[in-house]
Amino acid sequence: MNKQELLNVFKNQIIKESKDVYGASDTWIGGYEDGRIDALTFAYKRVKWLDAPEKPEIPHWLAERIEEYNIDSSIEFWRYVFNGSIFNPGERAWILDNDELISKIFLYGYTIEKEPVWVVRINEKLYFCRFTDKYFEKDSDAPTYIESGNPSLIKKFTNKDKAKAVATLVDGTVEEWSE
């Protein structure tokens, strides 16, 4: 049962108990029923206050292996770690260092870490976009720039060395980009 289902159970029970109290003539029984409603309301508020557990972030390579090999339990996962050959030594070391996080991904699910990307900044407002298409310009090697107001057109590099090479060509600087 998830949090929302539990809240619905409490809410329905509070409504039911409130209807039952409405016709009670005896003050002792009415007080008893009021106490039940108060207890249910208290529990409802406590459940509402609870935070849902956060899904841990895992590296892209780990998510790929979990999906590729259809690993759906922590027991199966650890079997692959110790008996299989799907992880290289560096990945296996990362897994062993983050064993608590691994146990959480099969309980709560996971999100995939965004890989860092780099952009080439030309000046305060301009970013590198692409090199001009030869059909639109006489000088096909000329770079095209875009203002930071439209980030979808800015060229994002997953390889920092490539970004540095372009920055050298266009006399810009490399910076990490986050959206």
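Observations, loosely collected:
- Only one of the numbered conditions (1) basic (Lys, Arg); (2) at pLDDT 85 or above; (3) more than 27 Å from THR111 (Cα to Cα) is violated by LYS55, and that is (3).
- Taking the stretch 67-84 as the range and being closer than 14 Å to LEU107 by Cβ and either small (Gly, Ala, Ser) or not assigned by TED's automatic domain parsing to the domain that holds LEU107 (or both) as the test, the residues that pass are SER73, SER74.
- Residue within the stretch 93-112 that is modelled with pLDDT of 90 or more, closer than 30 Å to ASN159 by Cβ and touching a His at 6+ places or on another chain (Cβ under 8 Å) present: yes
- Residue within the stretch 119-142 that is at pLDDT 90 or above, farther than 30 Å from LYS3 by Cα and either among the acidic types (Asp, Glu) or touching a Leu at 6+ places or on another chain (Cβ under 6 Å) (or both) present: no
- Summed over the stretch 91-120, the residues that are in contact (Cβ under 8 Å) with a residue 60 or more places away in the chain and of a type in the set (A, V, I, L, M, F, W, C) give a count of 1.
The values are calculated or read from the model by the stated rules, or taken from the named source; none is laboratory data. None of these values were measured; they are calculated from a predicted model. With ideal geometry, Cβ positions are generated from the backbone for all residues, glycine too; neighbour counts draw on all protein chains shown.
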